[in-house]
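The values are calculated or read from the model by the stated rules, or taken from the named source; none is laboratory data. The model shown is predicted, which means the values in this text are computed figures rather than measured ones. Counting neighbours? That spans all protein chains shown, and the Cβs are built from the backbone with ideal geometry, glycine included.
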Amino acid sequence: MSVETAEAVKMPEFDATKARLISKRRRLSLPQWANAWIVLIPAMIFLVLFMFYPILNTFLMAFIQDFDFGKGAGSFALGNFFISLSNARKVHQTFGFENFRLVLTDDVFPRTILNTLTLVVIEVPLTIIVALLIATFLNSIKALKGLFQTIFFLPYVTNSIALGLVFTMLFSTGEGGIVNMFLMKVFGMKEPINWLKTFGTSGIEPATRGHQLVVIVTSAVWNGIAFKILVFLSGLATIDKQYYDAAKIDGSSNFTIWRRITLPLLSPQILYITITSFIGAFKMYTGVMSVYSSIAGSMNASYYFGGEKGEDWMPIVGWIYRILGTQTNTSKGVAAAGSLILLGIILFITLVQFAVSKKRVHY
């Protein structure tokens, strides 16, 4: 072998710095399960602090009679950990079902359950149907599709309070009430309908519960369709176009294609939207309160939901907030008990929905 050939095949020189870096990198490598825990720990901390801990603390508060954060006994309230055991305010707490008895014997609470169920039964199906129809329409057009998507997405980024004020003006009995103006021009009505006010409207019949319900449901539907449209559009985008082409070759009508192909293949999105819509509707508060905020008068706008006493369409969450606002010895425990009852209702309905949908959802 010549000298030139030997130099050509000469082994590369050993790089000690590069070898140390490679060795260090190998020592720092972690097993797959450790990497998974590192990724999950931040999310778990967030869930524990802002979901599981509040639920656990609310559960304990609901069973403590005359609960008070300052007394520092019986619950996992964070303030309790900073109270000395020798603190004079630390008293013995009595556990029991007294808070639940106060909730169930309250004159207003049963009415709030009926109000909430009424709003849920009307608003949720109506919102889902409207969102599904609009999503189908947007998916089938090409011209100005982006513009229409933006228009229907606007309610999602609009503040609920501002949206409620807009609908209050739309249904107003004054000159700016577009709904009354339309009804009077088209249907020849002589007097505007009082949609919200049950008092202080001279010469006009006071609003009934049905009139108020129309405004609340209309506002809730408009406020809730944006997110549902986005979910349905994402589901429609995943449907293979070959199904539609085959159905058209067989001579199926557009309605038959929508009913026999689109709806079954959208069933996972429909189930998701149905469950989340029911949960959100049972927790409805801001949407209802914002509709009445401009006509509350001398009453606290946060607790006014129509009628002379502000209870015509008070939802369960509104009742809970009003109880907390009373600042009595039992208010916190009673509000916690009401929250647990609401949680139980939501869990029950969610489980029923999962059980019913097992044979109707196609993945």
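Tabulated values for the structure
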| read-out | value |
| --- | --- |
| Inter-residue pairs, beta-carbon under 8 Å, first surrounded by fewer than 18 Cβ atoms within 10 Å (Cβ to Cβ) and of a type in the set (Phe, Trp, Tyr) and in region 97-114, second at pLDDT below 95 and not in a helix (DSSP H, G or I), 6+ apart | 97/63 |
| Of all residues making up region 45-67, the number that are within 19 Å of residue 103 (Cβ to Cβ), hydrophobic (A, V, I, L, M, F, W, C) and over 20 Å from the mean Cα position of the chain (by Cα) | 7 |
| Matching residues, region 237-263, being assigned to a helix (DSSP H, G or I), exposed (fewer than 12 other Cβ atoms within 10 Å of the Cβ) and of a type outside the set (S, T, N, Q) | 237, 241, 245, 249, 255 |
| Subset of region 203-220 (residues that are part of a helix (DSSP H, G or I), surrounded by fewer than 21 Cβ atoms within 10 Å (Cβ to Cβ) and touching an Asp or Glu at 6+ places or on another chain (Cβ under 7 Å)) | 209, 217 |
| One residue from 297, 251 being in contact (Cβ under 8 Å) with a residue 40 or more places away in the chain and of a type outside the set (Phe, Trp, Tyr) | 297 |
| Identity of the residue in region 115-147, among the small types (Gly, Ala, Ser) and surrounded by fewer than 13 Cβ atoms within 10 Å (Cβ to Cβ), that ends up farthest from residue 216 (Cα to Cα) | 143 |
| Qualifying residue in region 280-296 (condition: over 20 Å from residue 198 (Cβ atoms), of a type in the set (S, T, N, Q) and at pLDDT 85 or above) | yes |
| Residue tally, condition closer than 14 Å to residue 294 by Cβ and either small (Gly, Ala, Ser) or at pLDDT below 85 (or both), over region 166-197 | 6 |
| Selection count, region 129-157, where residues are within 26 Å of residue 210 (Cα to Cα) and β-branched (Val, Ile, Thr) | 2 |
